[in-house]
Amino acid sequence: MDLTSNAASIFLVLLTSGLLVFTGLRKQPGIGILGTIVIIALTLWLRGESLDALGFDRPASWGAAVGLGLLLGLVIQLLSVALFEPLIERITNTAHDHSLVEGVRGNWRAFLQWMLIVWLTVAVLEEGIYRGFLMTEVAGVLGDGSGALALNILFTSIVFGLSHGYQGRSGMLSTGIVSIFLGAIFVWSGFNLWLAIFAHGFIDTVGIGLIAIHGDRAIRRWLWRSRE
C-alpha cells in the first residue's frame, strides 16, 4: 500500500481518530494512545520517514520556544480556569471531572510525580499524535489553505475533546477548546511541534499546580462569586 496517497492518509486519520475517541469515551485512553503510537511508528517505518515528518525538527530557538510556550500556556490555562470551564459547566449543567489529578491537592509529592508524567510523556505524546500526526495527515489531504487549515484544526480538536471522555461532558468541551489553541499554535509555527509541546506542558503544569494549591477554586469563587 502506498502510504503517501490521499486514500491511505484518510484511512490512517479515520483509524487513529476512531481508536482515540473510542478508548477515550470508554475511559481507557492509555490503550488508544499506545495503539496509535504503534500505528504511527509503522507508518513512519513503511514511508522511510523520521520523527521530523511529525514536526520534531529543531526549532529556530529553544529559548524562544520555551519562553513563548510558557506565556501561551499560562494565558490559555488561566482563560480555561477563569472563563471556559465555568461557562461550560453552566451550559452542560455538569461539573468537570478532575478526579484523575485530584490527588495533588495539598500533596506536593503527587504534584511532582504528575510533572514528570506531563513533561516526559503527556505533552510530547499527545502533541506528536494529535498535531504532529493527525494534523499533518489531514493537511496532506485538504491542503494548507486558510479554510483547509481551519477545518483541520476543528476536526482534530473534536477528536481531541472526545478522546478525553473520561473527563465528562464538560471536560470534553474544555479540552476541545484548548486543542483549538494548540492547533493554531502548530500551524503558526509552520508545523513545528516544539512550541505546541511547551505550551501544552505549561498548560498542564499551571492547571495541575492550581489544583494542588486550591487555586482553581479560589479563582472561580473570586470571579464568579456573584453567580454562585
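Using the Cα centre of the chain as origin and beta-carbon charges of +1 (Lys, Arg) and -1 (Asp, Glu), tell me which of 70, 200, 166 is placed farthest towards the positive end of the dipole.
166
Once you place label points 7 Å from the Cα toward the Cβ at residue 217 and residue 10, how far apart are they in nm?
A separation of 5.1 nm, rounded to one decimal place.
Quick one: helix 108-117 against the long Cα principal axis of the chain, what's the angle to the nearest 10°, folded into 0 to 90?
Roughly 10 degrees, rounded to the nearest 10.
Compute the helix-to-body angle for 6-25: its Cα long axis versus the longest principal axis of the chain, expressed 0 to 90° and rounded to tens.
Relative to the chain, helix 6-25 is tipped by roughly 30 degrees.
At a Förster distance of 35 Å, what's the computed FRET efficiency of residue 78 paired with residue 141, Cβ-Cβ distance as r, to 0.05? Could the numbers behind the result be given before it?
Numbers: r = 35 Å, r/R0 = 1.01.
Computed FRET efficiency for residue 78 and residue 141: 0.50.
Quick check on the range 1-76: take the gyration tensor over C-alpha atoms, sort the square-rooted eigenvalues as a ≥ b ≥ c, and tell me if it's rounded (a/c under 1.5), prolate or oblate. Let's see the in-between values first.
On the way: a/c = 2.61, a/b = 1.33, b/c = 1.96.
Verdict is oblate for the range 1-76.
Looking at the square roots a ≥ b ≥ c of the eigenvalues of the Cα gyration tensor of the range 99-203, which shape do they give, rounded for a/c under 1.5, prolate if a/b is larger than b/c, or oblate?
On the way: a/c = 2.84, a/b = 1.77, b/c = 1.60.
Taking the square roots of the gyration eigenvalues as a ≥ b ≥ c, the range 99-203 is prolate.
Can you give the extra length, in nm with one decimal, that the chain gains between residue 37 and residue 22 once fully stretched, where that is 0.36 nm per residue apart less the Cα-Cα distance? Could the numbers behind the result be given before it?
Values: separation 15, 0.36 × 15 = 5.40 nm, distance 1.56 nm.
Computed gain between residue 37 and residue 22 is 3.8 nm.
Mind checking the per residue accessible area of the chain for me, 1.4 Å probe, whole number of Å²?
On the way: 11400 Å² over 228 residues.
That works out to 50 Å² per residue.
Would you work out the relative contact order for the range 156-228, in percent, from Cα pairs under 8 angstrom that are 6 or more residues apart? Kindly include the intermediate steps, with their values, before the conclusion.
Numbers: 45 pairs, mean separation 13.3, N = 73.
Relative contact order here is 18 percent.
How much length is gained on full extension from residue 50 to residue 108, taking 0.36 nm per residue of separation minus their Cα-Cα distance? Walk me through the numbers on the way to the answer.
Working: separation 58, 0.36 × 58 = 20.88 nm, distance 3.77 nm.
Working it through step by step, the gained length comes to 17.1 nm.
Can you report the principal axis dimensions of the chain using only the alpha carbons, biggest first, rounded to whole angstrom?
For the chain, the Cα extents along the three principal axes come out at 58, 38, 35 Å.
Would you mind checking the tilt of helix 168-188 against the longest principal axis of the Cα atoms of the chain, expressed as 0 to 90 degrees and rounded to 10?
The two axes meet at around 50 degrees.
What number, in percent, do you get for the relative contact order of the chain if the mean sequence gap of Cα pairs under 8 Å and at least 6 apart is divided by its residue count? Walk me through the numbers on the way to the answer.
On the way: 279 pairs, mean separation 77.1, N = 228.
34 percent.
How much accessible area does residue 217 have with a 1.4 Å probe, in Å² rounded to the nearest 10?
110 Å²
The values are calculated or read from the model by the stated rules, or taken from the named source; none is laboratory data. Small disclaimer: the values here were computed from a predicted structure and weren't measured. Note that each Cβ is placed from the backbone with ideal geometry, even for glycine, and that neighbours are counted across all protein chains shown. All accessible areas refer to the heavy atoms of the entire protein, side chains included, with ligands and DNA or RNA removed. Shrake-Rupley method; radii C 1.70, N 1.55, O 1.52, S 1.80 Å.
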